Amino acid sequence: MANQEKDDKRFKATTPGKRFMKLAGMSASIVKNVTTNKVMGMFADEESKQKSQEKMYADIGQQIAQTLGEMKGAVMKVGQIASQVKDMLPKEVASALEVLQKESPPMPYAMIRRQLIKALGDTPENLFARFDETPFAAASIGQVHRAQTKEGVECVVKIQYPGVKESCDSDLKHLKRLLKLAGLVKVSAEVMDKTFEEIRTMLYEELDYKHEAENLKLFNEFYRDHPYIRLPELIENLSAETVLTLTLVEGDRLQDVKPPKYSQETINLIGYRIFETFGKQIYELGAVHSDPHPGNFAFRPDGTIVIYDFGAVKKIPAETIAKLRSLVADAVEGRIEKIDQHMLNIGVRQPSGEAPSPEFYHEWMDIVMQPFQSYDEYDFGLTNMHRRALGKVKRDGLKYVGSFQPSPETLVVNRVVTGHYWTMVDLGVKASFRPLVDEIVLKKSA
């Protein structure tokens, strides 16, 4: 009983009021830090001020990451997304938030058990032939337990954390206010509002497990009889708005995809298939699985890819697909003079900001198009794309500070591409994606 009370206290911020107080305490501390730094900067030279600001942002980033990681829910999910939106936050803050991409500590089983009873109306002992108390995985808004149905079907049960949905709006409102108040946001208020509204829409969809069930049905239909994609299937009588029970589909985790079990040839094939899979989701299905967290995927030595967690699915309007198709066509053909208009069209470039030079875009295209422009094999294990990109941001960041912004229209697509870039790096994939660009994006016949 004492242990249960201790565990419950650790995760006590489950109501909007309690979560507000926790975020308010963090806000007060951060604002004090920023104010003190500004005062101290009045008496320091430029080099000292720069170093002091970098340290301040790093400290703030760590404080935000720790607080959001403990709270779980909407704010933790926003932190995960923010770490991938480099244009929105200082790089030190974004870097510190990357820790939220890792699997989070699980909630106590007693709290999870109460959630399951509330959703399904009975105890796990009565509903299942077996229910593992130790979670299989834990994430920002829920955790997963392995189980077996009364009919003997091996399954996984995804259970939403208590209070997450009820706290979503207040969490997002307070976090947005905090970022603005602390001067951490580098984009206009309008873009900030649109970005948070996009995140809010996505979160409410993720929090509705019935909506996730519908997404799963859509993707199961799209991948029916597919040669290398495997998805779980819904067990409807053991599912509800906050509990989702799915058939168990097993595979190896990303960190286990390595020799000798996986040859380099198979690793290259998996990388090629990942790009093909998400390219076709975006450009053919018009809906993309938009949480590239490594825990949402598994692999098999025959090149099979298993996809889990369909709470985060972005439906992409035909107009946006057309814009992206046109942008990629001009990028791969080297029509640099057209890139700035594409950036304006998709909302990445601020119309009021200074128009970058053609040389600026030429260097960017040379960096980001490496795996897509050439038909030669590209080695992601030796890639320097991210280092080159970071170097360019450092060189040109101040010059074009008012020229670029996160685009709500393409925020999720960027998250997907960025996330799977790191998957390619982790796997050490060697492949050329240009043939897939020709086939899927440019619609060229072989």
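Screening the stretch 268-298 for residues that are at pLDDT 95 or above and either of a type in the set (Gly, Ala, Ser) or in contact with a Lys or Arg (Cβ under 8 Å, 6 or more places away or on another chain) (or both) and picking the one that is farthest from GLU214 (Cα to Cα) gives ASN268.
For GLN264, the conditions (1) under 22 Å from ALA137 (Cα atoms); (2) polar (S, T, N, Q); (3) modelled with pLDDT of 95 or more are fulfilled apart from (1).
Looking at the structure I just gave you, is ALA329 outside any helix (DSSP H, G or I) and touching a residue at least 40 places away in the same chain (Cβ under 8 Å)? Steps first, please.
Details: outside any helix (DSSP H, G or I): no; touching a residue at least 40 places away in the same chain (Cβ under 8 Å): yes.
In short, no.
So is PHE299 over 30 Å from TYR204 (Cβ atoms) and crowded, with 20+ Cβ neighbours inside 10 Å or not?
Working: over 30 Å from TYR204 (Cβ atoms): yes; crowded, with 20+ Cβ neighbours inside 10 Å: yes.
When the stated conditions are applied, PHE299 passes them.
Taking the stretch 242-267 as the range and being over 27 Å from ASP208 (Cβ atoms) and loosely packed, with under 14 Cβ neighbours inside 10 Å as the test, the residues that pass are ARG253, GLN255, ASP256, PRO259, PRO260, LYS261, SER263, GLU265.
Listed by position, the helices (runs of 4 or more DSSP H) contained in the stretch 135-242 that have at least 3 residues being modelled with pLDDT of 85 or more and of a type in the set (D, E, K, R) are 209-222.
Restricting the stretch 350-362 to residues that are buried (at least 16 other Cβ atoms within 10 Å of the Cβ) and at pLDDT 90 or above, the residue that is farthest from VAL417 (Cα to Cα) is PRO356. Across the stretch 363-384, the qualifying residues are those that are surrounded by fewer than 13 Cβ atoms within 10 Å (Cβ to Cβ) and without any contact (Cβ under 8 Å) to a residue 24 or more places away in the chain, and the one among them that is farthest from PRO408 (Cα to Cα) is LEU382.
Taking every residue in the stretch 136-147 that is closer than 15 Å to GLU212 by Cα and outside the structural domain of HIS293 (by TED's automatic domain parsing) and pairing it with any residue that is of a type in the set (Val, Ile, Thr) and not in a loop (DSSP other than H, G, I, E, B), at least 6 positions away or on another chain, the pairs with Cβ-Cβ distances below 6 Å are ILE141/VAL164; GLY142/ILE159; VAL144/VAL156. Filtering the stretch 209-241 to residues that are crowded, with 16+ Cβ neighbours inside 10 Å, in contact with a helix residue (DSSP H, G or I) (Cβ under 8 Å, 6 or more places away or on another chain), free of Cβ contacts under 8 Å to residues at least 40 places away in the same chain and of a type outside the set (Gly, Ala, Ser) leaves only LEU234. Of everything in the stretch 148-162, what is buried (at least 19 other Cβ atoms within 10 Å of the Cβ) and out of contact with any strand residue (DSSP E or B) (no Cβ under 9 Å at 6 or more places or on another chain)? Give them in sequence order. The answer is PRO162, and nothing else. For the stretch 113-130, filtered to residues that are over 14 Å from VAL243 (Cα atoms) and of a type outside the set (A, V, I, L, M), the residue that is farthest from the chain's Cα centre (by Cα) is ASN126.
GLN281 fulfils the conditions (1) crowded, with 18+ Cβ neighbours inside 10 Å; (2) in the same structural domain as GLU377 (by TED's automatic domain parsing); (3) in contact (Cβ under 8 Å) with a residue 60 or more places away in the chain except for a single criterion, (3).
The values are calculated or read from the model by the stated rules, or taken from the named source; none is laboratory data. Small disclaimer: the values here were computed from a predicted structure and weren't measured. As a convention, Cβ positions derive from the backbone with ideal geometry for all residues, glycine included, and neighbour counts pool all protein chains shown.
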